[in-house]
Every structure is written in structure tokens, then in C-alpha cells.
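Some notes on the structure that comes next.
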Amino acid sequence: MLNKPVLVESLIVFVIVLFVHAVVWDRYSWCAVALAVQAFYVQFKWDRLLQLGGAVFQFRTAANSGLLPASMVIPLLGIVMKERCKSAGIVYFERFGIVVASTGMLVALFLSVIAVGITKPVPTNTCILTGVAGSIIIYTMKHSLTVSEVIEVLEVLLIFVYLSMILLYLLPRCFTPGEALLVLGGLSFVLNQLIKRSLNVIEGRGDPIDFFLLVAVVGVVLLGLFFTVLFIFMDSGTWISSMFFHMMTAVLGLGVIMPWLYRLIQRNPLFWLLQFLFQTQTRVYLLVYWTFLAASACGVVFYQNAKRSSESKKHQASTITRKYFHFIVVATYIPGLIYDRQLLYVAAVLCLAVFIFLEYIRYFRIKPFGQTLRHLLSLFLDERDSGPLILTHIYLLLGMSLPVWLFPRSCAPKGTLSGAGALVPYSGVLAVGVGDTIASVFGSTMGEIKWPGTKKTFEGTMTAIFAQIIAVALILIFDSSVNLNSSYAWILASVSLVSLLEAYTTQIDNLLLPLYLQIMLMA
């Protein structure tokens with residue numbers, strides 16, 4: 001029997017795909033539509049495998065597979081990036097967008113083939129659809145990509161296969177198949193880009209902040225893999241193991257990551273970072289303001305834990321309490337987006353590295369703070385944190401930061417896109433910081449009419465749409481670089497579709513919603 005919420009979620013994704021390709025229809029559109037159709041059918045095979053426990057790895061059980069919404073994100077991002085850079089006349093990034101789209105399609109197709117291959121009995125109709133979609137995608141790639149680009153796509157696919165086997169085995173119940181596709185697909189692409197740029201370093205070419213992002217992400221992931229393997233053979237909770245953890249972190253950071261970054265930016269990374277952070281008085285003010293907000297977030301954590309100790313050990317933070325952090329993140333990102341986006345870019349990278357490192361300390365119980373972090377953060381767990389890692393706060397940071405990191409600066413004259421594209425860096429603020437937060441708060445307190453088959457309410461969704469429209473109006477008032485050029489109907493449609501997706505998806509909305517809103521705004 002078909003799941004009605006999954007059908008509605010799929011319908012919303014199909015509408016987004018058709019909206020995007022109504023604007024940028026070309027040969028890749030046929031590939032995207034074919035991929036969406038086959039992902040829709042394969043998604044139900046994945047759902048059945050998860051219900052019967054027949055999947056190769058242990059996935060998150062409180063959600064459906066999410067294959068269709070996840071499969072379309074990277075291909076659509078590549079297609080809209082290609083169109084934007086083509087209109088700006090930047091050939092290099094136009095070709096880069098084609099590579100991104102092709103890579104996303106091939107990785108999604110690979111995940112579909114895995115599901116079809118392990119389903120018993122073999123689903124004939126789904127196999128035919130997957131074969132047709134694969135033929136269309138491969139035929140288009142053959143006539144669109146150069147030999148070097150084909151090799152790059154295959155490299156990312158190979159990295160994705162190995163990362164999937166390693167991380168899904170080490171981290172059971174942390175992802176759904178769709179979330180694994182997004183997270184591991186993104187990691188695979190970042191790792192491949194870092195290797196490619198490290199082998200072809202040209203002095204003076206490339207923005208140091210882009211290299212900083214690549215090295216930081218790959219560095220912390222490799223650090224985690226190293227300690228995961230190491231602590232298989234020794235107890236991570238002892239003082240000797242903890243001292244070894246801190247010592248090896250310093251050795252790998254100063255002996256591997258720093259020289260790697262030095263090779264890419266051709267200057268001392270620490271001196272460059274300090275000079276960058278304190279370059280202007282505005283940056284100093286922003287850093288002081290962000291430090292105050294970080295202290296406020298820590299204060300909320302300590303206060304809620306003290307409240308738990310005084311009331312009951314079974315006390316869990318409410319939805320509204322968890323949304324405090326959304327308000328703090330909105331207050332963090334909006335000044336950065338208005339006054340200094342480059343500083344926000346680098347600060348978000350640093351914050352991501354710190355979050356992941358603290359999660360390592362919590363997960364491995366590294367002394368002296370590991371057990372304390374476990375106790376403090378357990379208060380904020382929800383059903384999505386069913387695996388050994390706590391990832392919701394990292395997803396929140398990623399959802400707010402990805403639109404800033406993925407913004408095609410080289411294809412944007414004067415640092416901003418025209419029309420609705422001017423709101424692209426604000427996608428995370430609108431979708432997660434405003435929309436998701438308002439929907440949760442108003443839906444849980446005043447909502448009465450529930451969307452069929454879900455716990456989300458009609459009132460929450462409508463309030464979220466209204467709040468995002470008000471937020472757009474405020475952005476127009478306070479950010480002089482934003483010029484929408486009368487594209488208000490498109491913005492309203494984009495916000496409405498993403499808010500509906502929030503009501504029906506069971507995937508990590510902090511990660512999925514900003515990416516879909518960015519795709520719609522860039523189209």
C-alpha cells in the first residue's frame with residue numbers, strides 16, 4: 001500500500017523539478033525528469049527494504065528512504081548554476097555546473113541500482129525504468145562532457161562508493177538512504193575537488209576562502225576516520241587515550257592540514273586567517289557580536305540542563321526550546337549577510353570544524369569534556385538522533401551555510417545575482433531560520449488542522465509562508481544589494497512549495513529545505 005505523505009512529498013518535488021525546467025529547459029532537463037521518475041519508483045523499493053530489514057546497512061528507521069527529494073538536489077543545483085554562469089559568460093563555471101549535474105545524476109542512479117539489485121524478487125518494471133533513465137543520462141553525458149570531465153565524474157562516483165561502505169558501516173542509523181546520498185555525495189565531491197586542486201596548484205589562482213572550506217571539511221572527516229579506526233583497538237575513555245587524542249589532533253592539524261592549506265594558498269594559513277578576521281573594524285564588531293550570541297547559546301544549554309536536574313531526569317527540551325537556537329542562528333547570519341559575506345563564509349567553516357570536533361570528543365568520551373558533553377546534549381535529542389552521532393545541530397549549521405558556500409560568486413556581477421537570485425544567500429535564513437521555526441512554534445501551540453497523514457498543521461505552514469514573505473520585505477529594506485526586479489510571484493511560489501515540502505518530508509529539513517529554496521531562487 002502506497003504511503004500518502006510520501007506521495008504528496010513526491011508530487012511537490014515533481015512540481016519543483018517542472019518549475020525549474022520550465023525556465024531552463026535543455027537536454028539536461030530530459031535527464032532530470034527521467035531521473036525523477038525512476039527515483040520515484042525506486043524510492044518505494046527502498047522503503048520496503050527498510051521496513052523488512054533487508055537493506056545492506058542500518059539506516060534511520062523513523063523516516064522513509066527519501067530517495068526522490070535527495071536524488072534531485074545535486075543535479076538541479078548543477079543545472080541552475082550552469083544557466084547562471086552561461087548567462088554571465090563564465091565558461092569555466094558553466095562547465096563546472098555541467099559536471100556537478102552529471103555527477104549528481106550518476107550517484108543517484110547508482111543508489112537506485114543498489115536498491116533494485118538487492119530487492120527480491122527482482123522488480124521488472126522498476127529495472128526497465130532504471131535502465132531507460134540510465135541510458136538517457138549516459139547518452140547525454142557522452143555528448144556533453146569532455147574526456148577529463150567524464151574521468152572527474154567517475155572519480156567522484158568511486159569516492160562515493162568507498163565512503164558509503166566505510167561511513168555507513170561505522171555510523172549505523174545516522175542517515176536515511178536519501179540523507180546518505182546528500183551528505184556522502186557532497187563529501188565525495190569536496191574530496192575530489194581538493195585532490196584535483198592540490199595536484200594543479202597555480203599561484204594566485206583561486207580564492208583562499210574556497211581552499212579553506214575544502215581543507216577544513218576534508219581534514220575533520222579524515223581526522224574522524226583516523227580516530228575511529230584507532231579506538232577499535234583501545235578504550236577511548238581513558239586518560240591515556242584522551243591525551244593521545246589531543247596530541248594526535250595537534251600533530252595531524254599542524255603536520256598535515258596546515259601544510260596542505262599552505263600549498264594551496266601559498267602563505268601561512270594562521271597569519272592569513274588572523275589578518276582576514278581582523279582586517280576591518282566591521283569584522284571586529286561582527287566577531288564580538290557573534291561571540292556574545294555563542295555565549296547566549298551556551299547559556300541556554302546550561303539553563304535547560306539545570307532545569308532538568310531540578311525537575312526530573314526524564315525531562316526533554318520542548319520543540320519551542322530547541323527553536324531558540326534557530327532564532328540565535330538567524331541573529332548570527334543576517335548581519336553577516338548584510339555587512340560581510342566573506343567573513344560569514346569563513347566563520348561558518350570554522351564553526352563547522354568546531355562542531356564536528358566537539359562531536360568527536362562527545363562520541364569517543366574524550367576526557368575531560370566528553371562525558372559532560374554527552375550529558376548536556378542528551379537533553380536536546382529527538383527522534384532523528386537515533387544513531388551514535390548527534391547531527392541535528394550540525395545539519396542546522398549546514399542548512400544555514402550551504403547557500404552562502406554554494407553561491408556562484410564568480411558568476412554574479414557586483415557580488416549579487418539579478419531578480420530572485422539576489423536572495424540565494426538568504427535561502428537558509430528564510431527556509432530554516434524563519435519558515436521552519438515559525439511553522440514549528442505556531443503549529444505546535446496553535447495548530448488544529450493537520451495535513452493528511454502528518455503531524456504538521458495547516459496553520460503552521462501558512463504562518464511560515466507569511467513569515468518568510470515578511471522576512472523578504474525586511475531584507476529588501478535593510479540590504480541595499482538585493483534587487484528583485486519584480487520577481488515577486490516566483491518568490492511566493494518558491495517559498496510556498498518549500499514550506500509544503502517541510503510539512504510532508506520526513507528527511508532532515510534543516511538540510512533539505514535550504515537547498516531546494518536555493519535551487520528555486522537561482523532558476
Contact order relative to length for the chain, counting C-alpha pairs under 8 Å separated by 6 or more residues, stands in percent at 19
Put 521, 213 in order of accessible area, largest first, 1.4 Å probe: what do you get?
213, 521
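Largest first, what is the accessible-area ranking of 162, 426 with a 1.4 Å probe?
Largest accessible area first, the residues go 162, 426.
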Got a sec? Charge dipole of the chain, +1 on Cβ for Lys and Arg, -1 for Asp and Glu; which of 366, 435, 20 is way out at the positive end?
366
In sequence order, what are the phi-derived ³J(HN,Hα) couplings for the range 94-103 according to the Karplus relation 6.51 cos²θ - 1.76 cosθ + 1.60 with θ = phi - 60°, rounded to whole Hz, with x for glycine and proline?
5, 5, 5, x, 5, 5, 4, 4, 5, 5
Computed over the range 229-386: relative contact order in percent, which uses C-alpha pairs under 8 Å that are six or more apart
32
Can you pull the accessible area of residue 72 for me, 1.4 Å probe, Å² to the nearest 10?
0
Decide, for the range 442-496, between rounded, prolate and oblate: order the square roots of the alpha carbon gyration tensor eigenvalues as a ≥ b ≥ c, take rounded if a/c falls under 1.5, and otherwise choose prolate if a/b is larger than b/c, else oblate.
prolate
Report the label-to-label distance for residue 118 and residue 161 in nanometres (one decimal), using points 7 Å from each Cα along the Cα→Cβ vector.
1.6
Can you compute the helix-only [θ] at 222 nm over the chain? Use -39500 (n - 2.57) per DSSP H run of at least 4 residues, normalise by all residues, nearest 500 deg cm²/dmol.
-24500 deg cm²/dmol
Counting only residues 5 or more apart in sequence or on a different chain, those whose built amide H sits under 5 Å from that of residue 450 are 458
FRET efficiency, 1/(1 + (r/R0)^6) with R0 30 Å, evaluated for residue 276 and residue 382 via beta carbons:
0.25
At 1.4 Å probe size, what's the solvent-accessible area of residue 329? Round to the nearest 10 Å².
30
Could you tell me which Cys residues in the chain have no other cysteine's Cβ under 4.7 Å from their own Cβ, answering none if every one has a partner?
31, 127, 174, 298, 351
Residue 168 - accessible surface, heavy atoms, 1.4 Å probe, Å² rounded to 10:
20
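Hey, what's the range 28-170 come to in accessible area per residue, 1.4 Å probe, Å²?
43
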Could you rank 235, 47 by how accessible they are, 1.4 Å probe, largest area first?
235, 47
Whole-percent carbon and sulfur share, accessible surface of the chain, 1.4 Å:
69
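The values are calculated or read from the model by the stated rules, or taken from the named source; none is laboratory data. All values derive from a computational prediction rather than experimental measurement. Note that we place each Cβ from the backbone using ideal geometry, even for glycine, and neighbour counts take in every protein chain shown. These accessible areas exclude ligands, DNA and RNA; they are computed on the full protein's heavy atoms, side chains included. Shrake-Rupley method; radii C 1.70, N 1.55, O 1.52, S 1.80 Å.
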